[in-house]
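Q: My questions all concern the structure below.
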Amino acid sequence: MRIDKFLNSVNITKRRSVAQDMISNSVVLINNVVVKASKNIDVGNILTINYLNETKKYEVIKIPTTKSTPKSLQAEYIKELS
């Protein structure tokens, strides 16, 4: 699954366009490497998002098979590391 779709489907961002903007501004990293929106994400990858005030890291546990998942099931797909 593409990183922009992943961010949207696991409810890290509200819209895919927001995810694409974050990626184009180089604030999204996979395994400490800046990525493009077309980069595929795999189980076990470490996802880092550099917000203005903080940095959050997530570990990918599972790839969703649907376009969107309920926020209550977010823990099935990602684990927040910091």
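Q: Please enumerate the residues belonging to the range 29-79 that are in contact (Cβ under 8 Å) with a residue 24 or more places away in the chain, within 11 Å of residue 6 (Cα to Cα), among the charged types (D, E, K, R) and surrounded by 10 or more Cβ atoms within 10 Å (Cβ to Cβ).
A: Correct list: 39 only.
Q: Mind checking which residues of the range 13-57 are among the hydroxyl-bearing types (Ser, Thr, Tyr) and within 23 Å of residue 71 (Cβ to Cβ)? Break it down stepwise before answering.
A: The initial filter retains those residues of the range 13-57 that are among the hydroxyl-bearing types (Ser, Thr, Tyr), namely 13, 17, 24, 26, 38, 48, 51, 55.
Matches in the range 13-57: 13, 17, 48, 51, 55.
Q: How many residues are among the β-branched types (Val, Ile, Thr) and either under 20 Å from residue 32 (Cα atoms) or under 12 Å from the mean Cα position of the chain (by Cα) (or both) when one looks only at the range 52-79?
A: Step one: filter the range 52-79 for residues among the β-branched types (Val, Ile, Thr), giving 55, 60-61, 63, 65-66, 69, 78.
Next cut, either under 20 Å from residue 32 (Cα atoms) or under 12 Å from the mean Cα position of the chain (by Cα) (or both) only: 55, 60-61, 63, 78.
Of the residues in the range 52-79, 5 are among the β-branched types (Val, Ile, Thr) and either under 20 Å from residue 32 (Cα atoms) or under 12 Å from the mean Cα position of the chain (by Cα) (or both).
Q: Give the number of residues within the range 9-41 that are closer than 18 Å to residue 78 by Cα and outside any loop (DSSP other than H, G, I, E, B).
A: Going through the range 9-41 one residue at a time, the tally reaches 7.
Each reported figure results from applying straightforward, stated rules to the coordinates on display, with no laboratory input. Not measured: the values here are computed from a predicted model. Please note: Cβ atoms are built from the backbone with ideal geometry, for glycine as well, and neighbour counts cover all protein chains shown.
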